[in-house]
Amino acid sequence: MSTVFISYRRANTAGEARALFNDLVARLGENSVFMDVDSIALGRDFRTVLQETTASCDLMLVLIGRNWTDAKDEGGRTRLENPADYVRLEIESALKRDIAVTPVLVQGAHMPAPEDLPGEIRDLAYRNGFELSHNRWESDVQEMLRRFDLDGRAGGHPVKPIALEHSAPAPSGSHDISAAPAISDAELRQGLLGKRVRLTRRQTMGIAALAVVGTGAAIAAPSIRRLLSRPALRTVSFEVPSVDERGMRNAPEKYSAAMFTESLGSSGGLDMVSIPAGSFTMGSPADEPERQPNEGPQHHVTLAAFFIGAFPVTQAQWTAVVLAHPGRIHGDLDPKPSFFRGIDLPVESITWNEAEEFCLRLAAITGRSYRLPSEAEWEYSCRAGTTTPFNFGPTITPELANYCGTGGAVCGNSDGKSIASDIYEGVQYKSGAYEQGPAGIFRGTTTRPGTFPPNRFGLYDMHGNVWEYCLDKATDSYTDAPLDGTAYLSGPSDSQRILRGGSWSHNPGICRSAYRDGTDPGFAGWQGRIGFRVVCTL
């Protein structure tokens, strides 16, 4: 017997919980659903009943309405911040058991952001959710049951719903769940092989199943992937610093960005930031200090909207995708290729071909169109509306980025040998400062996402840390550059590919917004220096 536990906040979603309970009982049977009001006998200690039910239920539906994360108790304290809050305890218990914990969005609510949840239940933000609309309630409930493979099993496959004093409705247009098959190996379960695919109810009508690929990873079949819905967006706010010619900080300004998180299971997710359509002048002006010939001629580019990763892809994200789709598409991938090891450090020491393979596998898993950014998309994202050498201003400081600020063009070792030099690509760099800015430091390693502040689009590490691959083939100038934001792809398939952004190992002049470099698609570069971020178009 399966037991469905309905978790809700009485003050926010009691009406929706009652309606859902009645519908589920009618379809699944009286003993299949648990809700705290109707399912606890008079005189029973509700604490004991709730503990027993959360320890044995097979499925938890967490009703999320408007202001679910902000619900306050009588003392004005946010309920979810209280470790003894019943809703929090229910969700925490279910997540620990690794059962299907499904956010059910009502009242037009949106999925909670990971940063808005206590650490013990943060994984709820990465669980695929389902929207229940008041206007389509009956068909939505039936479709939800179908997604769980519970339709038509009333009385024969009971579920005991548990509805606690839960809150929170779900936003319209949110996602259904396609439950992945159970995986016996615990490490694989935690490593994303049960990847869930997000589909809208309209799009999932008539779609039968997921294709099981590799060692049990659930991958959406092409017919399903083509129908994937737009993800639910959330808005984040942040402060962006800027500096003057000498590197002195100006008062920070506040910005906001829309984004979504592409779930990668227990390894977290990819934060994808919405970049608005627009135009900009690509390349550097002739008088920009340390400008290189291949940064011109400047030209006007107009781009359509797209999403780009808030951070370079991390090692945890890389490994998650490789494990979720172990089968090669065009090439093999090492689950742990990086020189500097750390799950939250950028993945690096990879080739352009490997980064491209990652994008193909990520697209296969999620059903969305993931790829490397075009060079124009990268520079547009990096500049974020600025025209100065760096998106923070006319110079840069070690508090804003990870670069070699102690002098020379390149710092550090590779393959156990020093590669330190004052010359890079035929150009001599001596000072570790850029123009009138301060000298910096040499950290000698990559740094974690979020170590430094974002730019005005909400993107991190666009200067330094790791070089980032682009789709484009390398050119000596922008003479034939596309003007619509697409990649320049003329030439042999083994042509060098563009690198942008510089790295922890390079002089700040090499980390400018306009600086361009290139490398062979099968060469991973010096150890620990080349990574990438992804673009998604919907």
Mind checking whether some residue in the stretch 386-402 is surrounded by fewer than 24 Cβ atoms within 10 Å (Cβ to Cβ), in contact with a Gly (Cβ under 6 Å, 6 or more places away or on another chain) and at positive phi? no
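Listed here are the residues, each with its yes/no results for (1) at pLDDT 95 or above; (2) of a type in the set (A, V, I, L, M, F, W, C); (3) buried (at least 20 other Cβ atoms within 10 Å of the Cβ).
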{"position": "Val410", "(1), (2), (3)": "yes, yes, yes"}
{"position": "Ile419", "(1), (2), (3)": "yes, yes, no"}
{"position": "Asp422", "(1), (2), (3)": "yes, no, no"}
{"position": "Phe442", "(1), (2), (3)": "yes, yes, no"}
Which one of the conditions (1) touching an Asp or Glu at 6+ places or on another chain (Cβ under 9 Å); (2) basic (Lys, Arg); (3) not in a loop (DSSP other than H, G, I, E, B) does Arg361 fail to meet, given that it meets all the rest? (1)
Step by step: first the residues of the stretch 416-431, then only those that are touching a Phe, Trp or Tyr at 6+ places or on another chain (Cβ under 8 Å) and in a loop (DSSP other than H, G, I, E, B), then the one that is nearest to Trp504 (Cα to Cα). Which residue is that? Ile419
Scanning for something more than 14 Å from Cys359 (Cα to Cα), in the same structural domain as Tyr469 (by TED's automatic domain parsing) and not in a loop (DSSP other than H, G, I, E, B), does the stretch 286-294 turn up at least one residue? yes
Kindly check whether there is at least one residue in the stretch 366-377 that is among the acidic types (Asp, Glu) and either at pLDDT below 95 or crowded, with 24+ Cβ neighbours inside 10 Å (or both). yes
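Yes/no matrix, rows are residues, columns are (1) modelled with pLDDT under 85; (2) in a loop (DSSP other than H, G, I, E, B):
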site	(1), (2)
Val37	yes, no
Arg47	yes, no
Leu50	yes, no
Leu61	no, no
Asp70	no, yes
Ala84	yes, yes
Leu89	no, no
Of the residues in the stretch 482-517, how many are in contact with a helix residue (DSSP H, G or I) (Cβ under 9 Å, 6 or more places away or on another chain) and crowded, with 19+ Cβ neighbours inside 10 Å? 16
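How many residues are modelled with pLDDT of 80 or more and assigned to a helix (DSSP H, G or I) when one looks only at the stretch 118-136?
8
The values are calculated or read from the model by the stated rules, or taken from the named source; none is laboratory data. Worth saying up front: this structure is predicted, and the values here are computed from it rather than measured. Please note: Cβ atoms are built from the backbone with ideal geometry, for glycine as well, and neighbour counts cover all protein chains shown.
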